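Participant: One structure, as structure tokens, below. Some questions next.
The values are calculated or read from the model by the stated rules, or taken from the named source; none is laboratory data. Quick caveat, the model's predicted, so the values are computed rather than measured. Note that we place each Cβ from the backbone using ideal geometry, even for glycine, and neighbour counts take in every protein chain shown. We work out accessible area using only protein heavy atoms, side chains counted, and drop any ligands, DNA or RNA first. Shrake-Rupley method; radii C 1.70, N 1.55, O 1.52, S 1.80 Å.
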Amino acid sequence: MDLLIRNVRLFTAAGPGPAAPGFVAIAGGRIAQLGGAPPHGLRAADEIDGQGGLLTPGLIDCHTHLVYAGDRAREFELRLQGASYEDIARAGGGIRQTVRLTREADEATLEAAATRRLRELMHHGVTTVEIKSGYGLSIEAELKCLRVARRLGERHAVNVRTTLLAAHALPPEFDGRPDDYVDAVVERILPEAVRLGLADAVDAFGETIGFTPQQTRRVFEAARARGLPVKLHAEQLSNQQGAALAAEFGALSADHLEHVDEAGVAAMARAGTVAVLLPGAYYFLRDRTPPPVELFRRHGVPMAVATDCNPGTSPTTHLPLMLNMACTLFRLTPVEALLGVTRHAAQALGLQATLGTIEVGKQADLCLWDVDDPAGLAYAIGASPLRRRFHHGREHAP
Ligand code: NIG
Ligand code: FE
């Protein structure tokens, strides 16, 4: 064995069970053995005494918009004075404001800004992050953002999955011609992103201020034709029947879902589509309609939790804080919340074969925390109880 981590309280995320005293042994970057007490004769090159801390899978942030320039503090002020998110978007602010700045920024500047956010995520226990494009909205700028995202994965001790979100908003040069922009997405941007290997999945913003179900369908068909899985920003501000559309395409996830109805939830259950809950955006927009957690439970739809890190609706890189918010605002149990950033987040990215749980054969991405159970992790508002973080079996300072 390369590494033995003993004397921990183990939360494997393989089942709903509570944390229990245990150990994990690692070889070749993978989990080789785990259990209650290490067997006599188990030898490892390195040994760590966990001193009774909680050991969990490395956290997975399965929904972020990490690559962008500037911020939207001014818009935050406007909303505090009474403007709505939709008002600001319709007046040419919102996503478009970030698009202007992101288009102007060169790749090195964008990478530096995204690196700062990535380091914060890692500091709070993230070992896998999904990064969407969607602030470029032209072929050059979308590819630029995806290249930055890929490079982050090469340069840092973290797994990166990229998602093409060209159908995030209508760029100004296509004003009044949304279908022409969708043509550009399906005929040029998406094929080029696929050809260059820059996208692992495809997403869209299905909303009155985003894209219609018919336009989203075209994007999904183009993704399917090229073998890429899809995801959808669905039912965030209104019910557009996006969850059912996502399910029809076997989507990995439908995200937000504050306004989903039971038919949409049932369709997700049949398709195995994960519900990604984003309490940071709900909180920041002072939304009043929480996602229907009880329906997800009743229909057996797995729930993931993510930061949605973006400048407009969820400027946060604190995934453990999202556990607290998911419990407080959405009434998830602490165990459900923790499964939401481990096993179910892996499923929302299609990575459940290798990540998301502590099981023999899985990649040894692990976090050791200064708390002793999932409730301790979800409890403190904005604390950072991470003690040690392992990626591929190697420790990297948190
Ligand atoms: O996930 N809803 C659309 N996209 C982002 C917000 C983007 C923005 O306002 O910049 C979200 O909430
Ligand atoms: Fe989002």
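Participant: State log₁₀ I(q)/I(0) for the chain at q = 0.11 Å⁻¹ as given by the Debye formula over alpha-carbon point scatterers of equal weight, solvent excluded.
Facilitator: The Debye formula, applied to the Cα set alone, gives -0.74.
Participant: Just report the Cα centroid separation between region 301-355 and region 1-52, whole Å.
Facilitator: Between the Cα centres of region 301-355 and region 1-52 lies a distance of 24 Å.
Participant: Express in whole angstrom the spacing between the alpha-carbon centres of region 64-80 and region 93-165.
Facilitator: 15 Å
Participant: A further question on this structure: Got a sec? What order do Ile26, Ile139 fall in by accessible area at 1.4 Å, biggest, i.e. largest, first?
Facilitator: Accessible-area ranking of Ile26, Ile139, largest first: Ile139, Ile26.
Participant: Below 8 Å, C-alpha to C-alpha, sequence gap of six or more: please give me the relative contact order for the chain in percent.
Facilitator: Relative contact order comes out at 20 percent.
Participant: Turning to a different aspect of this structure: Regarding region 183-273, what are the three Cα extents along the principal axes, ordered largest first, in Å?
Facilitator: 38, 27, 17
Participant: Write down the accessible area per residue of region 274-333 in Å², having rolled a 1.4 Å probe over the full set of protein chains.
Facilitator: Result: 32 Å² of accessible area for each residue.
Participant: Sorted by accessible area with a 1.4 angstrom probe, largest first, how do Thr162, Thr333 fall?
Facilitator: Final ranking, largest accessible area leading: Thr333, Thr162.
Participant: Give me, ordered by chain and number, the residues 5 or more places off Asn7 or on other chains with an amide H under 5 Å from its own placed amide H.
Facilitator: Answer set, sorted by chain and number: Gly22, Gly50.
Participant: Treating only the Cβ of Lys, Arg, Asp and Glu as charged (+1, +1, -1, -1), what charge dipole size does the chain show about its Cα centre? Round to the nearest 20 debye. Walk me through the intermediate numbers first.
Facilitator: Values: 41 positive and 46 negative charges, 129 e Å.
So the magnitude is around 620 debye.
Participant: Order these peptides, 291-297, 93-99, 169-175, by their mean beta-carbon neighbour count within 10 angstrom, highest first. Walk me through the intermediate numbers first.
Facilitator: Working: 291-297: 19.0, 93-99: 21.6, 169-175: 16.0.
Taking the mean over residues of other Cβ atoms within 10 Å, the ranking is 93-99, 291-297, 169-175.
Participant: What list of ³J(HN,Hα) values in whole Hz, one per residue of region 157-165 in order, does the Karplus curve 6.51 cos²θ - 1.76 cosθ + 1.60 (θ = phi - 60°) give from phi, with Gly and Pro shown as x?
Facilitator: Computed from phi, the couplings for region 157-165 are 7, 7, 8, 10, 10, 9, 10, 7, 10 Hz.
Participant: A follow-up question, please. Under the rule of at least 5 residues apart or a separate chain, name every residue whose amide H is placed under 5 Å from the amide H of Arg161.
Facilitator: Under 5 Å from the amide H of Arg161: Val129, Glu130, Ile131.
Participant: With each run of n ≥ 4 DSSP H residues scored as -39500 (n - 2.57), what mean residue ellipticity at 222 nm is computed for the chain after dividing by its residue count and rounding to the nearest 500 deg cm²/dmol?
Facilitator: -10500 deg cm²/dmol
Participant: While we're looking at this one, here's another question. Any idea what angle helix 139-155 forms with the longest principal axis of the chain, computed on alpha-carbon atoms, 0 to 90 degrees, nearest 10?
Facilitator: 10 degrees
Participant: Ok, one more. Give me D for region 1-60 in µm² s⁻¹, whole number, from Stokes-Einstein with Rh from the Kirkwood sum over alpha-carbon pairs, 4 °C and 1.567 mPa s. Can you show the working numbers first?
Facilitator: On the way: Rh = 11.7 Å.
Roughly 111 µm²/s, to the nearest whole number.
Participant: Would you work out the charge dipole size for region 232-321 about its Cα centre, treating the Cβ of every Lys and Arg as +1 and the Cβ of every Asp and Glu as -1, and quote it to the nearest 20 debye?
Facilitator: Value, rounded to 20: 160 debye.
Participant: Is there a quick way to get the dipole size of region 62-144? I mean about its Cα centre, with the Cβ of Lys and Arg at +1 and of Asp and Glu at -1; what is the value in debye to the nearest 20?
Facilitator: 140 debye
Participant: Rolling a 1.4 angstrom probe over the protein chains, ignoring ligands and nucleic acids, what is the accessible area of Leu80 in square angstrom, nearest 10?
Facilitator: Approximately 120 Å² for this residue.
Participant: Once ligands and nucleic acids are excluded and a 1.4 Å probe is used, how much of Phe11 is accessible, expressed in Å² to the nearest 10?
Facilitator: 0 Å²
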